[in-house]
Amino acid sequence: MARKAVATKTAQSNVPEFTKEQELSAYREMLLIRRFEEKAGQMYGMGLIGGFCHLYIGQEAVVTGVTMASRKGEDAQITGYRDHGHMLVMGLDPKGVMAELTGRQGGLSKGKGGSMHMFSNEHRFYGGNGIVGAQVSLGTGLAFASKYRGDNTVSISYFGDGAANQGQVYESFNMAKLWNLPAVYIVENNRYGMGTSVERASGQPDFSKRGISFGIEGEQVDGMDVRMTYDAAKRAIEHARSGKGPYILEMLTYRYRGHSMSDPAKYRSKDEVSTMRAEHDPIEQVKQRIIEKRYGTEESLKDIETEIRAIVTEAADFATTDPEPPASELWTDVYAPA
Amino acid sequence: MPTILMPALSPTMEEGKLSKWLVKEGDTVKPGDVLAEIETDKATMEVESVDSGVVQKIIVPEGTEGVKVNAPIAMVLGEGEVPGDAEPSSAQLKPVDIAPVKVDAPNTIPAAPAGVPPVAILEVASDPDLPAGVEMVEMTVRQALNEAMAEEMRRDKDIFVMGEEVAEYQGAYKVTQGLLQEFGSQRVIDTPITEHGFAGLGVGAAFAGLRPIIEFMTWNFAMQAIDQIINSAAKQLYMSGGQVTAPIVFRGPNGAAARVGAQHSQDYSAWYSHVPGLHVVAPFSAADAKGLLKAAIRSNTPVVFLENEILYGSTGLVPKVDDYVLPIGKARIARQGKDVTIVSFSMGMRYATQATEKLVAAGVDVELIDLRTLRPMDTKTVVESVKKTGRLVTVEEGWPQGGIGAELAAVVVAEAFDYLDAPPTRVTGKDVPMPYAANLEKLALPNVDEVIAAVNAVTYRS
């Protein structure tokens, strides 16, 4: 049932090829996430961002490939608290995201949500959810709405290897299969649920198999290669959209930073991190291909880099100069207008 | 055991119909044989023989309505028994009082004992928009809730009902009866036993613009789902800076049922009323149940709608108007008076009403307020009343600490301190998990005498 393609080993044989446009687009998207998150990390260190701040650095290929495979703005997406990258790829304004991180009035949630709570009806991005695993039931509800309306959209729910052990995930799998909902579940397996490795937390560490008892197909995917995440997501989304019901993709990925900014990540070795960075970095992989295939030059990629840095700098400037929300905002948005 | 007693189908059943006898006098029966069929307005059940023996006498003929639970319905002569033994002893005949409350609030309870005067204290006075001379239809709270959902579902196809046993089974408590037949399985959806999951699924569907009605078989089981209710539904609008609404109704029976023990008998009123971003509604009468559920379904704010199993079968008059929608957040003055203010809601209103009848008869001019909505709470009406009476007694089934009464006391002390002639006084459920034993359960719940005693204390009559 579960097609097992441990992509780090089999990647060479069946890797889909990207066009020039796809390679450049993926490069740009992933680089934006990387530079944005690096900046957020800096700003956190400067005390400009408070509370929890979970960076997506290292995992960029997952959301980038999946979003490229989806209908942007039509298909719903929802994730947990490691959500900055998802918003950027889905096209939300980096200024609004960064200003939310700094708790300013121009933030996507007017400064009232913070790092873990941002949403966009327009882009069909439903957060940004702080409770581990909750987004899986919510995302299943988005899929339910798609089917109820018959609007041919799908719902994509991202969750981590830690969340994969929450009970409501399986309640949701069951209902999604029972009602054949157009739900794509993306397990972002970055190997650690906070400080606990998958091996120390999971009886069945192959998360692509977690749907078997419900009759949900799953695949393991090299989550560091954007071509693989794209290709698998194409299959999964097509499966869901065509009325065949839910599908699980386990993306084998890695976060370079700690769980949150306050996590020193002493539960893993420096070697482990540096090996991943050196050999599997999702952005370096694309960059090398672009050069090799002459889709671009060192020079033209530098131009992209410069452009991205300008966007991030602009976002950071806005997020540090935009005023805090007025005190009157304390009392608004508690109850919806009738 | 020669006497066969009328069984209860549910902890709150008080009476039922003996619809059919499957044996006749003189028949020999053995354990497991079906003796009779009984039914209530929400279920039917077979009565099985426990012992072997001969059916000596059928006491209640088939077709009899209103057979009280625990009334003898037949006598079966056991092996070796002689007919003389079969006379039911007084101990066997004595009905076991399983209901926590004696049923005698006349205009809300079916089969009220004759002789209790129908007092006018529950007249709906403060609700707007009722044309003069409107026809009033008697119906149960259950029917009122059912009508509210059906009417709203006819109006808006984005509304669907989801929960355990809501469709094919017609509702665990028959509140969703007939909805599947009218609206089909796309809109009336049986779920697996998976509260956390389907509560979250409902909230997600609401994010996407649908208007789910999520039924919990009881609110006790919603504890599994409370994270989705509070963290996902209630906070969503605020966390999104006003962008994403969750127009969803979570509904089901709340509060003590009868003899079901601690895990199935508790009142969540105070729990949910604590949470900004929720509306919390807890109606008592059939009319309020209908008008407020319709309002809840139309609300763009998530609503926790707390029904009560014991009240489902109680009847009341509901105005026959095309669209009976009541305002959420408005208390109802059930009786105007000047001596003392009693404030309650949902099942507490039954104790409060009965106490009020007795107190009024004894010359105490009680003002009785039914909060109906717990959040937003109509404290203005309560404070105005206390300014007039100088005395406050609150009645609720929930625990005392951090309860609705505690909140009301705090509000009244803050806003009407100079008007108070006595300390605000709470009548609550006792500060213990609900016991199972009948006598202890009775002690754990508030009762009419406690309400009267509290009023006597604050009016210095005792």
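The values are calculated or read from the model by the stated rules, or taken from the named source; none is laboratory data. All values reported here derive from a predicted model rather than from experimental measurement. With ideal geometry, Cβ positions are generated from the backbone for all residues, glycine too; neighbour counts draw on all protein chains shown.
Figures for the structure shown
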{"item": "Any hit, the stretch A:309-322, residues being within 14 Å of chain B (Cβ to nearest Cβ), part of a loop (DSSP other than H, G, I, E, B) and either modelled with pLDDT of 95 or more or surrounded by 11 or more Cβ atoms within 10 Å (Cβ to Cβ) (or both)", "result": "yes"}
{"item": "Test: B:THR356 is of a type in the set (Ser, Thr, Tyr) and more than 23 Å from B:LEU443 (Cα to Cα)", "result": "no"}
{"item": "Where A:PHE125 falls short, out of the listed (1) within 16 Å of the chain's Cα centre (by Cα); (2) among the hydrophobic types (A, V, I, L, M, F, W, C); (3) closer than 21 Å to B:PHE198 by Cβ; (4) buried (at least 24 other Cβ atoms within 10 Å of the Cβ)", "result": "(3)"}
{"item": "Residue list for the stretch A:30-73, filter: among the polar types (S, T, N, Q) and part of a helix (DSSP H, G or I)", "result": "A:GLN42, A:THR64, A:THR67"}
{"item": "Any hit, the stretch A:176-194, residues being within 11 Å of chain B (Cβ to nearest Cβ), surrounded by fewer than 22 Cβ atoms within 10 Å (Cβ to Cβ) and outside any loop (DSSP other than H, G, I, E, B)", "result": "yes"}
{"item": "Candidate set: the stretch A:143-160, residues that are out of contact with any Pro (no Cβ under 8 Å at 6 or more places or on another chain) and under 26 Å from A:TYR56 (Cβ atoms); chosen: the one farthest from the other protein chains (Cβ to nearest Cβ)", "result": "A:GLY160"}
{"item": "Hey, A:LYS95 more than 9 Å from chain B (Cβ to nearest Cβ), touching a Pro at 6+ places or on another chain (Cβ under 8 Å), surrounded by fewer than 22 Cβ atoms within 10 Å (Cβ to Cβ) and in a helix (DSSP H, G or I) or not", "result": "no"}
{"item": "Qualifying helices (runs of 4 or more DSSP H) (wholly inside the stretch B:333-434; at least 2 residues being farther than 30 Å from B:ALA258 by Cα)", "result": "B:379-389, B:404-415"}
{"item": "Every residue from the stretch B:347-374 that is crowded, with 22+ Cβ neighbours inside 10 Å and either farther than 15 Å from B:VAL451 by Cα or of a type in the set (Asp, Glu) (or both)", "result": "B:GLU367, B:ASP370, B:LEU371, B:ARG372, B:THR373, B:LEU374"}
{"item": "Residues satisfying the stated conditions in the stretch B:315-346, i.e. among the β-branched types (Val, Ile, Thr), crowded, with 24+ Cβ neighbours inside 10 Å and within 18 Å of the chain's Cα centre (by Cα)", "result": "B:VAL318, B:VAL343"}
{"item": "Number of the exception - A:TYR254 against (1) aromatic (Phe, Trp, Tyr); (2) touching a Leu at 6+ places or on another chain (Cβ under 8 Å); (3) within 30 Å of A:GLY141 (Cα to Cα)", "result": "(2)"}
{"item": "Tally of residues being more than 8 Å from chain B (Cβ to nearest Cβ) and within 15 Å of A:ALA164 (Cβ to Cβ) across the stretch A:117-142", "result": "3"}
{"item": "Any hit, the stretch A:74-85, residues being of a type in the set (S, T, N, Q), closer than 27 Å to A:GLY167 by Cβ and more than 12 Å from the chain's Cα centre (by Cα)", "result": "no"}
{"item": "Of residues in the stretch B:170-204 being within 8 Å of chain A (Cβ to nearest Cβ) and in contact (Cβ under 8 Å) with a residue 40 or more places away in the chain, the one farthest from A:LEU178 (Cα to Cα)", "result": "B:VAL203"}
{"item": "Meets criteria (more than 14 Å from every other protein chain (Cβ to nearest Cβ), polar (S, T, N, Q), surrounded by 13 or more Cβ atoms within 10 Å (Cβ to Cβ) and over 18 Å from A:LEU24 (Cβ atoms)) for A:THR332", "result": "no"}
